[in-house]
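Only one structure is covered here, and it is reproduced in the block below.
The values are calculated or read from the model by the stated rules, or taken from the named source; none is laboratory data. This structure is a prediction, so every number in the text was calculated from the model and none was measured. Quick reminder, even Gly has a Cβ in these numbers, built from the backbone with ideal geometry, and neighbours come from all protein chains shown. Keep in mind that these areas ignore ligands, DNA and RNA; they rest on the heavy atoms of the full protein, side chains included. Shrake-Rupley method; radii C 1.70, N 1.55, O 1.52, S 1.80 Å.
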Amino acid sequence: MDKLKIAIQKKGRLSEHSLQMLEECGIKFSNGTGKLKNESKNFPLEVLFLRDDDIPYYVERKVADIGIVGENVVLEHNREITILEQLGFGGCRLSLAIPREEKYNNLNWFSGKRIATSYPNILNDFFKKNGINADIEVISGSVEIAPGIGLADGICDIVSTGSTLLSNGLHEVETVIKSQAVLVSSKELSDDKRQILDRLLFRISSTKNAAENKYILLNAPEDAVEEICNILPGMKSPTILPLAIKGWCSLHSVIREDDFWNVISRLKKAGAEGILVIPIEKMIL
Ligand code: PRP
Ligand code: ZN
């Protein structure tokens, strides 16, 4: 049977997390750094390590069947590929930034200025939509040094933690688009490959659901159970087990991590004790 080929970023913001996501899906690889390809030992998947900017093209050309890449790159390159889903990691924004000492009021600052970027298409659209006439200077890397060496007045680049901007004396003034890692696929896949992809998608959604949810256990007096059940926005109804101490029981449920922080004080007020919140490894809905 054919293997499914997935392209991921060789080196950069998404590389480590892309491999980690595959590993969380139970897909194991033999060690070996610096390789261009790696085959899984226990799943019909072959990984190609490529420059992220090339991934949309390689998927369009079917060199790779699927790929993990930032939405920013997909949007910039506008290839004939399908976005299958957002992966929930690699969050960042494509932003305009200018030297720290420059005063900034609004987008008009950019009129007549030279802006360096590796995202000319997205930036061009953005300026057009906002009626700004600026010169776009296309460079393929190290965009953040352009103002410092006199190549441009400002830049448009990916910001994640913001440390690259900070260390280059720049400050972010406008967000052009928000982005995160997405799974993309070629427009046509053989039936065999489609089947492997469906298995992979199933695993991805199970790990994604698990990451967003926690298993919660708590003890409570029997007469508080009803109120606690109302507070817990659980999967279905929580499991309730009697405790050895008379009049007490243990409640088990699944809760979204965000919800947990919102309800914790109400749970305690209602009489919940010994609250445990445990990570979930896989969650199949
Ligand atoms: C971007 C950008 C900066 C860095 C910003 O590169 O070009 O170098 O991330 O991150 P920070 O705000 O956390 O410092 P990216 O990994 O998107 O890809 P590239 O190297 O292919 O340009
Ligand atoms: Zn890149």
- Query: For Asp52, what accessible area in Å² do you get when you roll a 1.4 Å probe over the heavy atoms of the protein chains, rounding to the nearest 10?
  - Reply: 30 Å²
- Item | region 92-179, accessible surface, carbon-and-sulfur percent (1.4 angstrom probe) | 43 percent
- With all protein chains present, how much of the accessible area of region 190-285 (probe radius 1.4 Å) comes from carbon and sulfur, to the nearest whole percent? 53 percent
- Distance between Cα centroids, region 112-159 to region 230-272: provide it in whole Å. 52 Å
- Message: What is the sum of charges, Lys and Arg at +1 and Asp and Glu at -1, for the other residues whose Cβ falls under 15 Å from the Cβ of Ser30?
- Response: +2
- Message: Distance cut-off 20 Å, Cα to Cα: go down the list Lys11/Lys35; Lys5/Lys28; Lys62/Lys208; Lys193/Lys282; Lys3/Lys35; Lys35/Lys282 and report the pairs above it.
- Response: Lys62/Lys208; Lys193/Lys282; Lys35/Lys282
- Taking Cα atoms of region 213-279, Rg/Rh with Kirkwood Rh, to two decimals? 0.93
- Item | Additional length obtainable on full extension of the chain from Ser15 to Cys229, 0.36 nm per residue less Cα span | 72.9 nm
- Item | Cleavage-rule hits, GluC sites (Glu not before Pro), region 157-200, DSSP coil, Cβ neighbours within 10 Å at most 16 | Glu188
- Item | Surface accessible to a 1.4 Å probe, per residue, for the residues of region 92-179, Å² | 52 Å²
- Message: Run the Debye formula on the Cα coordinates of region 92-179, all scatterers equal and no solvent, and tell me log10 I(q)/I(0) at q = 0.11, 0.23, 0.25 1/Å.
- Response: -0.24, -1.19, -1.44
- Dimensions of region 171-285 along principal axes (Cα, Å, largest first)? 62, 48, 19
- Residue by residue, what Karplus-based ³J(HN,Hα) values in Hz, rounded to whole numbers, does region 10-25 have, using 6.51, -1.76 and 1.60 with θ = phi - 60° and x for Gly and Pro? 5, 8, x, 4, 9, 4, 4, 5, 5, 5, 4, 4, 5, 5, 5, 7
- Query: Could you work out the helix-only [θ] at 222 nm for the chain, with each DSSP H run of four or more residues adding -39,500 (n - 2.57) and the total divided by the number of residues, to the nearest 500 deg cm²/dmol?
  - Reply: -8000 deg cm²/dmol
- Just the Kirkwood number for the chain, please: inverse of mean 1/r across all distinct Cα pairs, in Å, one decimal. 22.2 Å
- Item | Potential extension, Leu243-Asn124 segment - 0.36 nm per residue separation minus Cα distance | 36.3 nm
